[in-house]
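Derivation of every value follows stated rules applied to the coordinates shown; laboratory data play no part. Treat the numbers as computed from the prediction; the structure is a model and nothing was measured. In this analysis, Cβ positions are derived from the backbone assuming ideal geometry, glycine residues included, and neighbour counts consider all displayed protein chains.
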Amino acid sequence: MIRLSIQARQALAKLTLPVLIAASFGLMLLGKADALLADRARMVLADALAPIYLLLAEPLGGLHQSVAAVSGLWELRAENARLREENERLLRWQSVALALDAENQRLKANLRWIPDPAPSYVTARVVADAGGLYAKAVLLAAGPNHGIHKGEIALDERGLVGRVTEIGARTARVLLLTDLNSRIPVILETSRAHAILVGTNGARPRLLYWPEGSAPQEGERVVTSAEAAAFPANLPVGSVHVSATNVPEVVPAAMLDRLEVVRIFDYGMGGVATPEAPLRLPERRGR
Amino acid sequence: MARPEQAPGIRPRISLGRRLDIAARCAFPAGCTVMLMLLTQIPFGIADQAALLFAITLPCVYVWSLARPTALPPPVMFLIGLLFDLLGYLPLGVGPLTLLTVHGLSLRWRPMLLAKGFLSGWLAFCGFALGAALLAWALIAALLFQPLPVGPALFEALLSVALYPAFAILFLRAYGTIADPERA
């Protein structure tokens, strides 16, 4: 170790803070110059932490369940009545749906309709919140050799969640449709008008660029559009809600604030690609 | 009280166990801060959980900067800031700059802040939290080159002010007991 005089050491100690503050500015420039540096560092960190989070997910899930069980006991009667009523309504809908499905099949058979290929999917557990104050994303623990690719589509049991943006060795990051940078081509179901769903960082993304004369109606269902070949058509996204300031927003069908398990679908979409790291060989998509 | 190592005289070599003990006690503040930061990333299913990272890191940094400035020296603070950026998905450099600024200012005003009681420390922390949240907000907006809502920044400042007493009491207890290298 180099022996320094007390004065020199004191001077050095005084210098550390300004030098490190300057280094922070340097880091900002570096982050701006090489945007992928931060992404790569994040995925390395996420890969390292994923086993710990996965370990914690078990007891946490148990805790969630027991809390839900206790609060469920509280309103058991009301919940039961509501479910019975809902079940009756859904049963009526089921018969309608079955009849429509049969009719649809018959019409498609008459039209020699080419069926959509059945997509392959993997299911993964959400282990960590991979977002920040100004980013909405979740981290999936997918295990090694997960076979998930960038740009694949995440759905929960109710609807669209988002798209895979980053892949680690055993993790994947899914950008939620509420993120500031999320843009999704959608169709308003009753008017069949196209629009773009724009994330606002809030709970409800906003609808933009619908054609004149077909403004989104309150309660209207919103589904994905196959335009630009980024999404398959007709995945449920949510329903329109016109806010107090008269801005049409979408209430997502997926439970984005309490995601536990999501399915990642590979529709083989080659449209608008998520940005790819340069100098990286294209991944083989053979499966 | 002078440290035993600095007092003149002949004394036995420090045993390995004791050295480990001292190291553990010295590492307590940084270790505790990092552990708490990692815990905020687990999906608890709380609304606006992203604000928790800032709301937990800032009291840790502030309390240890005041209680024992050597506990979190600037290089360690820089690394904690970097972890803050990576976990919070912020542009690189925002965390280090914000935390080092808080560290530097709290060190400069330390005599004044320590002379007053707990309540004034809390009041001063309100200013620090607001300043740090707004600084981070401005830096992120500038680096992402897009206007960002200021609401979340104010919320995380408010949340950190609300969480401050819990951390202050816990860490001040630890300061005199398990995190004190002289008790090793």
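Per residue of B:47-55, how many C-beta atoms from partner chains lie within 10 Å of its own C-beta, taken as a mean?
Mean inter-chain Cβ contacts per residue within 10 Å come to 3.
Would you mind getting me the FRET efficiency between B:R108 and B:I46? Use the beta-carbon distance for r and R0 = 45 Å, nearest 0.05. Walk me through the numbers on the way to the answer.
Details: r = 35 Å, r/R0 = 0.78.
According to the calculation, E is roughly 0.80.
Below 8 Å between Cα atoms, with a sequence gap of 6+, how large is the relative contact order for chain B in percent?
On the way: 183 pairs, mean separation 53.9, N = 184.
Rounded, it is 29 percent for chain B.
Hey, if you put +1 on the Cβ of every Lys and Arg and -1 on every Asp and Glu Cβ in the protein assembly as shown, which of B:I140, A:N246, A:P119 ends up farthest toward the positive end of that dipole?
The one lying farthest along the dipole's positive direction is B:I140.
Dipole magnitude of the protein assembly as shown about its Cα centre, charges +1 at Lys/Arg Cβ and -1 at Asp/Glu Cβ only, in debye to the nearest 20?
Working: 44 positive and 36 negative charges, 379 e Å.
The dipole of the protein assembly as shown has a size of about 1820 debye.
Considering chain B as a Gaussian network with a 10 Å cut-off on Cα pairs, which listed residue, B:Q146, B:Q41, B:Q49, attains the greatest mean-square fluctuation?
B:Q146
Put a dot 7 Å past each Cα toward the Cβ at B:T70 and A:A69; how far apart are the dots in nm?
Calculated label separation equals 5.2 nm.
Checking the a/c ratio against 1.5 first, then a/b against b/c, what shape does the Cα gyration tensor give for segment B:1-99?
Prolate shape, in that a/c is at least 1.5 and a/b is the bigger ratio.
If the elastic network links every pair of Cα atoms under 10 Å, which of A:G31, A:G202, A:G159 fluctuates the most in the Gaussian network model of chain A?
Evaluated over chain A, the most mobile residue of the options is A:G31.
Cut-off under 23 Å on the C-alpha distance; same-chain residues fewer than 8 positions from A:K32 excluded. Which lysines are left, in chain and number order?
Candidates past the 8-residue exclusion: A:K136, A:K150.
Using alpha-carbon pairs under 8 Å, 6+ residues apart, how would you state the relative contact order of chain A in percent?
15 percent
If a/c stays under 1.5 just call it rounded; otherwise compare a/b with b/c (prolate if a/b is bigger, oblate if not). Do that for segment B:137-184, with a ≥ b ≥ c from the square roots of the Cα gyration tensor eigenvalues. Can you show the working numbers first?
Numbers: a/c = 8.78, a/b = 2.58, b/c = 3.41.
Oblate shape, in that a/c is at least 1.5 and b/c is the bigger or equal ratio.
Viscosity 0.692 mPa s, temperature 37 °C: Stokes-Einstein D of the protein assembly as shown from its Kirkwood Cα radius, in µm² per second?
128 µm²/s
Please compute the net charge surrounding B:V150, taking Lys and Arg as +1 and Asp and Glu as -1 over other residues with Cβ under 15 Å from its Cβ.
Working: positive: none; negative: B:D48, B:E156.
Net charge in that neighbourhood comes out at -2.
Put +1 on the Cβ of each Lys and Arg and -1 on the Cβ of each Asp and Glu in chain A; which of A:Q10, A:M28, A:S214 then has its Cα farthest toward the positive end of the dipole?
Going by the Cα projections, it comes out as A:Q10.
Taking 60 Å as R0, compute the FRET efficiency from the Cβ-Cβ separation of A:A13 and A:V261 and round it to 0.05.
Working: r = 51 Å, r/R0 = 0.85.
FRET efficiency, A:A13 to A:V261: 0.75.
Tell me the net charge near B:L92. Cut-off is 11 Å between Cβ atoms, B:L92 excluded, with +1 for each Lys or Arg and -1 for each Asp or Glu.
-1
Summing Lys, Arg as +1 and Asp, Glu as -1, what charge do residues with Cβ under 9 Å from the Cβ of A:A154 carry, A:A154 excluded?
0
Which one of A:L100, A:G61, A:L37 has its Cα pushed farthest toward the positive end of the charge dipole of segment A:29-104, where Lys and Arg give +1 and Asp and Glu give -1 at the Cβ?
Ranked along the dipole, the leading option is A:L37.
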